[in-house]
Amino acid sequence: MQTSEPEKRALAERVFHAVCFEGIATIILAPTAAWLMGRKVMEMGGLTVLLATAAMIWNVIYNAIFDRLWPAHRVARTAKVRALHAAGFESGFIVIGVSIAAGFLGISLTEAFLLEIGFILFFLPYTMLYNWVYDILRARLMQRRRNRSRKDATA
């Protein structure tokens, strides 16, 4: 849903968005990565939480820049825009994630890079889907708030 007026996102909402994004991803990814790599769930869970924390910080920064350069009230969030958004986020995060994974797991940069490729195969569609659903739910919530405000103003 596109509106005629921009609805700016406060820092608190950006933090909420990022925490939900990373929390859901961690619940899915930690046991899956442990199983695929033959590592302990706690070890991969630790890496996942560390990566999630770094990704949350990057997410807040990246989305603030994205929204400023391509505001939703001027640029429709089509599938193409969402795909570019997800690819941009993951491209920037790969540098961060490879360094963290190599250091945390004591593996080579090449092995960490291959691990990151696996994470990207998960996160590219997940990022696109999460943000798409988030924006739909947010637009509905904002519309309900506007409707309630109008109803209260006429009462």
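Bear in mind these aren't lab numbers, they're just calculated from the coordinates by the rules spelled out. Owing to the predicted nature of the structure, the values given are computational and were not obtained by experimental measurement. Positions of Cβ are generated from backbone atoms using ideal geometry, with glycine treated the same way; all protein chains shown enter the neighbour counts.
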Ranked list, fewest to most other Cβ atoms within 10 Å of each Cβ, for 152, 67: 152, 67
Estimated 222 nm signal from helices in the chain, with DSSP H stretches of n ≥ 4 weighted -39500 (n - 2.57), rounded to 500: -30500 deg cm²/dmol
All lysines inside 25 Å of residue 8 as judged from Cα atoms, apart from same-chain residues fewer than 8 positions distant: 80, 151
Whole-Hz couplings from phi, Karplus 6.51/-1.76/1.60, listed for the range 42-51; x for Gly and Pro: 5, 5, 6, x, x, 4, 4, 5, 4, 5
Neighbour-count ranking [beta-carbon atoms within 10 angstrom, fewest first] of 32, 48, 110: 110, 32, 48
³J(HN,Hα), Karplus 6.51/-1.76/1.60, whole Hz, each residue of the range 24-34, x for Gly, Pro: 5, 4, 5, 4, 7, 7, 4, x, 5, 5, 4
Part-to-part distance (alpha-carbon centres) for the range 15-61 and the range 72-125, which is given in Å: 12
Computed magnitude of the charge dipole of the chain (debye, nearest 20; Cβ of K, R +1, Cβ of D, E -1): 960
Rounded if a/c under 1.5, otherwise prolate or oblate - the chain, Cα gyration tensor axes: prolate
J(HN,Hα) series, the range 116-125, from Karplus relation 6.51 cos²θ - 1.76 cosθ + 1.60, nearest Hz, glycine and proline x: 4, 4, x, 5, 4, 4, 7, 6, 4, x
Mean separation of Cα contacts under 8 Å (6+ apart) over length of the chain, as relative contact order %: 23
